[in-house]
Amino acid sequence: LVMDLDGFKEINDTLGHPIGDGLLQQLSDRLLREVREGDTVARLGGDEFAIVLEGADETEGRRKAARILSLLEKPFEVAGQSLYVAGSIGIAVYPHHALTPQELSRRADVAMYVAKREKNGIAVYDTRQDHYTLQRLAQANDLRSAINNEHLQLYFPPQIDLQKNTFSGVEALLRWNHPQLGFLSPADFLPGAVQNCLHRPLTIRHTDTGHRV
């Protein structure tokens, strides 16, 4: 199983890394208490964890993944604050999906990305999912180039008070004019930006008008 947390980066960015580290330590304790002796829990980096279930099949993997996600429903108490995160888990099974640890991990990661993208919580690897990995890498490269070359555009559609029929303000909306895909809304590219650590350069980039994106 490969699990990635949803909402963790916001906690890190807003409350600081010590708070985020405290949450991860508590999550590690919960995961270790949940697995059996002989199973393995490892932090892969950031907010991503791997859980190796010795001798488990797909049914048991799904059951354990659902149990792990239920562990996130209870808040994490860190420095006097109650913090909530959700998660997405990808499952790959030996030897059905892969024969080596490296390939098994990669395919569980592909399934995790599908679970996150489709908001299913849990996904089992399928060979048809491999295009998601290539698509994700291609979009990440395109987005990095778009940020560096200022191909992202900020629009300010007006807000109208319908009761008074008056102008009340504007909303700032970021748009990406992709050369092949056309105009993309934030919902199309922000999740990938966060996952590929592009949200920070995206945030601090200024437009020609001096507004912060």
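The values are calculated or read from the model by the stated rules, or taken from the named source; none is laboratory data. Note that the structure is a prediction, hence the values are computed from the model and not measured. Every residue, glycine among them, receives a Cβ derived from its backbone with ideal geometry; neighbour counts consider all protein chains shown. Only protein heavy atoms, including side chains, enter the accessible area calculation; ligands, DNA and RNA are left aside. Shrake-Rupley method; radii C 1.70, N 1.55, O 1.52, S 1.80 Å.
A few comments on the model shown:
- Restricting the range 85-111 to residues that are touching a residue at least 24 places away in the same chain (Cβ under 8 Å), part of a helix (DSSP H, G or I) and under 15 Å from Leu53 (Cβ atoms) leaves a set whose member that is most open to solvent (accessible area, probe 1.4 Å) is Ser105.
- Of all residues in the range 27-40, those satisfying the criterion of being surrounded by 13 or more Cβ atoms within 10 Å (Cβ to Cβ) and more than 19 Å from Ala115 (Cβ to Cβ) are Ser28, Arg30, Val35, Asp39.
- Test result for Glu150, at positive phi and not basic (Lys, Arg): yes
- When the range 122-166 is limited to residues that are under 19 Å from Ala98 (Cβ atoms) and acidic (Asp, Glu), the one that is modelled with the highest pLDDT turns out to be Asp126.
Residues checked against (1) polar (S, T, N, Q); (2) in a loop (DSSP other than H, G, I, E, B); (3) under 19 Å from Met112 (Cβ atoms); (4) open to solvent by less than 70 Å² (accessible area, probe 1.4 Å):
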residue: Asp4; (1), (2), (3), (4): no, no, yes, yes
residue: Asn12; (1), (2), (3), (4): yes, no, no, yes
residue: Ile19; (1), (2), (3), (4): no, no, no, yes
residue: Leu24; (1), (2), (3), (4): no, no, yes, yes
residue: Glu54; (1), (2), (3), (4): no, yes, no, no
residue: Glu60; (1), (2), (3), (4): no, no, yes, yes
residue: Ala65; (1), (2), (3), (4): no, no, yes, yes
residue: Ile68; (1), (2), (3), (4): no, no, yes, yes
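- Checking each residue in the range 160-188 for being surrounded by 11 or more Cβ atoms within 10 Å (Cβ to Cβ) and in a strand (DSSP E or B) picks out Ile160, Val170, Leu173, Leu174, Arg175, Trp176, Asn177, His178, Phe183, Leu184.
- Ser82 being of a type in the set (S, T, N, Q), crowded, with 17+ Cβ neighbours inside 10 Å, at pLDDT 90 or above and out of contact with any Ser or Thr (no Cβ under 9 Å at 6 or more places or on another chain): no
- Just one of the listed residues (Arg128, Arg117, Arg107, Arg62) is under 19 Å from Gly7 (Cα atoms) and under 22 Å from the mean Cα position of the chain (by Cα), namely Arg117.
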